[in-house]
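A quick write-up on the structure given underneath.
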Amino acid sequence: MSAVVQATEERINQLAWKYATGGGRTDSSLAEDLAQTGRIAVWECLSRFSGTTVAEFFTYVDRTLKGVMSDTRKEETRQGVSRSVAAAFESALSMAGGDPYEAERMATMPEVLGDRRLSADTAYAARLSWQGLEYLDAPLGSGDTGETFTLADTLAQQEEVPADLLEPSDFERERRKQTSIRVRQTLRRMSWDQNTILMALTGIVPVSYYGTERDAELAADHGLQYDQIRITRNKAKIRFAELWEQTA
């Protein structure tokens with residue numbers, strides 16, 4: 001037992017510190033609670049371990065620690081929503097690529113969460129609760145070994161910096177980038193006139209901003225039929241919404 005405690009203490013403290021950090025700040029009290037929870041989990045998992053090698057043991061311990069610390073953090077920080085609601089929202093969050101606003105929308109859809117779908121009010125509360133935590137801990141999926149990887153892990157590879165040096169602003173920048181890519185992917189699937197009119201609505205490069213008050217200029221500059229622009233714009237909005245769902 002002493003050997004196990006000594007061999008796992010450093011990893012316990014590392015994970016406790018990580019899971020207690022959010023918004024660029026570390027809750028030292030929560031870190032202490034998580035560390036103690038982790039020690040108990042290690043002791044309890046000894047009787048359940050069925051592997052035969054040191055490597056298998058440490059992999060098992062690491063997975064156990066991450067699970068119990070994640071659950072404990074949810075209980076401590078998901079104030080205002082139940083554990084089942086928090087879990088449902090985080091499932092939607094994973095499918096939404098870490099975008100909390102998209103996750104809020106998807107969490108209300110029966111085709112996404114089935115019987116676990118949330119009402120609009122509950123999904124909204126879940127997003128507000130989740131955003132009180134570190135954005136960079138958003139779960140994005142599982143690797144080949146079954147271990148969950150987070151947005152921080154992904155961004156760390158992209159930015160070529162240690163994950164602990166990333167900040168919430170890195171997530172926001174990545175979210176804007178991915179949203180922009182998705183918008184352009186959706187627009188490319190539309191007809192030329194609908195594409196052009198929607199890009200002109202908000203000024204998406206390479207089309208300048210025309211809004212809804214400069215239709216005559218838009219028609220002259222881009223060879224569009226003036227009396228059809230308003231009708232095409234309304235149809236394009238509906239079509240964009242349909243394609244946006246499919247892109248998701």
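Every number here is computed from the coordinates shown, using simple stated rules; none is lab data. Worth saying up front: this structure is predicted, and the values here are computed from it rather than measured. Here the Cβ is made from the backbone with ideal geometry for all residues, glycine too, and neighbour counts use every protein chain on show.
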(message) Could you work out how much longer the chain between ARG48 and VAL5 gets when fully extended? Use 0.36 nm per residue separation minus the Cα distance between them, nm to one decimal.
(response) 13.8 nm
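How much length, in nm to one decimal, is gained on full extension between TRP244 and GLN36, taken as 0.36 nm per residue of separation minus their Cα-Cα distance?
Numbers: separation 208, 0.36 × 208 = 74.88 nm, distance 4.53 nm.
In short, 70.4 nm is gained.
Return the FRET efficiency for the residue pair GLU217, MET109: r is the Cβ-Cβ distance, R0 is 45 Å, and the value is rounded to the nearest 0.05.
After rounding, the FRET efficiency stands at 0.70.
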